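Below you'll find the structure, written out as structure tokens, and then a few comments.
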Amino acid sequence: MKAVEVIDDVYWVGAIDHNVRNFHGFSYTTKHGTTYNAYLVIGEKIALVDAVFGPFAEEMFDRISQVIDISEIDYMIANHAEMDHSGAVPDVLEKVPNAKLVCSKRAVDALKKHYPDGWDIKVVGTGDEIDLGGKTLRFYEAPMLHWPESMFTYYVEEEVLMPNDAFGQHYATGKRFADEVDEYVLWKEAEKYYANILWPLSRQVERKIEEVLELGLPIKIIAPSHGLIWRKDPLKIVKKYLAWAKGEDLEDNVIIAWDTMWQSTTKMARAIAEGIESEGLIPILHLIPTSDRSDIMAELLKAKGLLVGSSTLHNEALPTIAAVLSDLEVLKPKGKKGAAFGSYGWGGGAVEKIQQAMENGGMDVVMEPFTAKWVPSSEELQAAYDFGEEFAKRVK
């Protein structure tokens with residue numbers, strides 16, 4: 001694939017990773033792969049905004065060479081030090097040793113710790129600018145979107161925002177623009193990206209977006225570092241981020257996620273689902289061992305509530321539940337309404353661990369746990385139905 005002109009004198013020269021299926025270890029599945037986006041801004045001087053993951057450096061260099069001679073690069077701008085974006089920075093600076101590395105103050109230590117030192121570094125902060133000769137790059141610090149050293153680069157004259165990890169998606173495709181791909185897949189991947197990476201940072205996201213909106217910064221194009229470029233109605237994704245950060249833009253869904261030992265908890269989950277349906281909400285059921293935990297978190301972003309169930313094993317929830325409970329504690333879906341349910345035999349304990357994880361994640365636990373001993377009776381299944389019905393009323 002060739003370099004792609006985003007707008008006059010701005011080119012996408014990144015890399016496409018069709019094969020990656022897990023990101024950030026094994027916590028986030030990337031079923032559609034990803035891209036590592038890098039952008040050339042060409043004036044009298046030339047800036048490369050962000051690099052790519054190290055193993056894809058040659059792919060990036062091939063695309064750069066389709067537009068300019070690599071030796072012409074004057075600035076290597078590193079918006080973020082994480083290795084999927086900074087991995088090829090040393091390769092760039094090895095090929096162009098006279099280029100200046102531009103980054104935030106906090107990024108200096110991170111980059112030096114990741115890679116060999118000895119570069120010519122220009123530290124920038126919010127409002128600082130670089131003149132490429134009639135083309136201006138302005139920088140905005142964006143701490144915790146999603147690392148402390150993150151920043152945005154803004155091409156002033158053409159109103160192009162290059163915000164690195166903000167507003168992206170993990171979506172590998174031969175197309176480069178959001179309006180060229182399946183809209184359903186695009187938005188599902190954008191939701192999953194926010195839920196699994198930025199959700200715990202929602203307060204900072206809200207503050208930064210409101211700060212940018214107050215500046216009245218005109219934005220014609222948003223060019224993130226993963227996935228597709230937003231060139232038609234780019235503020236739509238900004239407004240979505242603001243809604244997600246505030247816990248808005250919800251659908252009439254309730255997530256039920258559980259695991260079972262001898263099917264007792266499954267019977268309870270199905271009865272609870274019927275009770276939820278009776279109140280006009282849509283239950284989305286996930287048997288955890290056969291479900292993708294990062295998909296569960298993505299669906300929870302827009303759901304009105306979450307019920308987690310488990311059988312009890314050694315006074316604990318089943319081990320398969322642990323990863324989902326960890327996600328709740330780490331991603332912090334604050335304000336989401338939740339409750340626990342489950343079965344037990346000789347002794348309980350599972351539902352207490354589930355409820356504790358929900359509370360640790362800032363969720364609003366609206367009902368006491370519902371339990372059944374051994375195999376639920378017909379009366380207990382009716383009680384499970386009633387539990388689901390009451391939960392639905394409370395989340396509505």
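Specify whether the C-alpha gyration tensor of the range 149-254 places it in the rounded, prolate or oblate class, a ≥ b ≥ c being the square roots of the eigenvalues: rounded for a/c under 1.5, otherwise prolate if a/b is larger than b/c and oblate if not.
Values: a/c = 1.63, a/b = 1.08, b/c = 1.51.
Because a/c hits 1.5 or more and a/b fails to exceed b/c, the range 149-254 counts as oblate.
What length, rounded to one decimal in nm, is gained on full extension from Val365 through to Ile121, with 0.36 nm per residue of separation minus their alpha-carbon distance?
Details: separation 244, 0.36 × 244 = 87.84 nm, distance 4.94 nm.
Full extension of this stretch gives 82.9 nm more.
Applying 1/(1 + (r/R0)^6) with R0 = 22 Å to the Cβ-Cβ distance of Lys236 and Lys396, what FRET efficiency is obtained, to the nearest 0.05? Don't jump to the answer; show the numbers that get you there.
On the way: r = 27 Å, r/R0 = 1.25.
Once rounded, the FRET efficiency stands at 0.20.
Work out how much length Met1 to Thr290 would gain on full extension: take 0.36 nm times their residue separation and subtract the Cα-Cα distance, in nm to one decimal.
Numbers: separation 289, 0.36 × 289 = 104.04 nm, distance 3.61 nm.
Result: 100.4 nm gained on full extension.
Between Arg207 and Ile68, what is the FRET efficiency for a Förster distance of 51 Å, r being their Cβ-Cβ separation, to the nearest 0.05?
On the way: r = 38 Å, r/R0 = 0.74.
Computed FRET efficiency for Arg207 and Ile68: 0.85.
With a 10 Å Cβ neighbour count serving as the proxy for reagent exposure, in which order, fewest first, do Met268, Met363 appear? The partial results should precede the final answer.
On the way: Met268 30, Met363 24.
Least to most surrounded, the residues fall as Met363, Met268.
Take peptides 314-323, 301-310 and line them up by average Cβ neighbours within 10 Å, highest first, as a rough protection proxy.
Values: 314-323: 16.7, 301-310: 25.7.
The packing order, highest mean first, is 301-310, 314-323.
Provide the gained length on full extension for the span Val185 to Arg138, in nm with one decimal, where the gain is 0.36 nm per separating residue minus the Cα-Cα distance.
Numbers: separation 47, 0.36 × 47 = 16.92 nm, distance 3.23 nm.
Length difference between fully extended and current span is 13.7 nm.
For every other residue with a beta carbon closer than 14 angstrom to the beta carbon of Glu214, add +1 if it is Lys or Arg and -1 if Asp or Glu, then tell me the sum.
Details: positive: Arg207, Lys208; negative: Glu206, Glu210, Glu211.
Net local charge, Glu214 excluded: -1.
Only Lys, Arg, Asp and Glu count, each charged at its Cβ (+1, +1, -1, -1), so figure out the dipole size of the range 77-170 about its Cα centre, rounded to 20 debye. Provide the component values of the computation, followed by the final result.
Details: 9 positive and 16 negative charges, 47 e Å.
Dipole size: approximately 220 debye.
Determine the sum of side-chain charges near Ser202: Lys and Arg each +1, Asp and Glu each -1, restricted to other residues whose C-beta is under 10 angstrom from that of Ser202. Provide the component values of the computation, followed by the final result.
Numbers: positive: Arg203, Arg207, Lys246, Lys332, Lys334; negative: Glu206.
Charge balance in the 10 Å sphere: +4.
Only Lys, Arg, Asp and Glu count, each charged at its Cβ (+1, +1, -1, -1), so figure out the dipole size of the range 254-395 about its Cα centre, rounded to 20 debye.
Numbers: 13 positive and 19 negative charges, 53 e Å.
Roughly 260 debye, rounded to the nearest 20.
Just add up the charged neighbours of Ile16: K/R +1, D/E -1, any other residue whose Cβ is under 10 Å from the Cβ of Ile16. Kindly include the intermediate steps, with their values, before the conclusion.
Values: positive: Arg176; negative: Asp17, Glu59.
Counting the neighbours of Ile16, the net charge comes to -1.
Would you mind telling me the antiparallel percentage of the DSSP bridges in the range 128-266, rounded to 5?
Values: 12 of 15 bridges.
For the range 128-266, the DSSP antiparallel bridge percentage is about 80.
Highest mean first, what order results for 345-354, 370-379 on Cβ atoms within 10 Å?
Values: 345-354: 18.0, 370-379: 15.4.
In descending order of packing, they fall as 345-354, 370-379.
Within a 10 angstrom radius of the beta carbon, how do Thr290, Thr312, Thr35 rank from fewest other beta carbons to most? Don't jump to the answer; show the numbers that get you there.
Working: Thr290 8, Thr312 24, Thr35 27.
By the 10 Å Cβ count, ascending: Thr290, Thr312, Thr35.
Placing +1 at every Lys and Arg Cβ and -1 at every Asp and Glu Cβ, with all other atoms neutral, what dipole size does the chain have around its Cα centre, in debye to the nearest 20? Spell out each step's value before the answer.
Values: 42 positive and 62 negative charges, 126 e Å.
Its charge dipole is roughly 600 debye.
Cα convex hull of the range 258-396: mean projected area in nm², to one decimal?
7.1 nm²
Helix-derived [θ] at 222 nm for the chain: sum -39500 (n - 2.57) over DSSP H runs of at least 4, divide by residue count, nearest 500? Please report the intermediate quantities before stating the final value.
Values: 12 runs with 131 residues, N = 396.
Taking each H run of at least 4 residues, the total per residue is -10000 deg cm²/dmol.
According to a simple spin-label model (label point 7 Å from Cα along Cα-to-Cβ), what is the distance in nm between Glu44 and Ile282?
5.7 nm
In nanometres, what is the gap between the two model label sites at Glu316 and Asp131, each 7 Å from Cα along Cα-to-Cβ?
Placing both labels 7 Å beyond Cα along the Cβ direction yields 6.4 nm.
Does the range 65-204 come out rounded, prolate or oblate by the C-alpha gyration tensor, with a ≥ b ≥ c the root eigenvalues, rounded set by a/c under 1.5 and, if not, prolate when a/b is larger than b/c and oblate if not?
Values: a/c = 1.63, a/b = 1.37, b/c = 1.19.
Taking the square roots of the gyration eigenvalues as a ≥ b ≥ c, the range 65-204 is prolate.
Every number here is computed from the coordinates shown, using simple stated rules; none is lab data. This one's a predicted model, so the numbers in the text were calculated from it and none came from an experiment. Glycine gets a Cβ as well: all are built from the backbone with ideal geometry, and neighbour counts include every protein chain shown.
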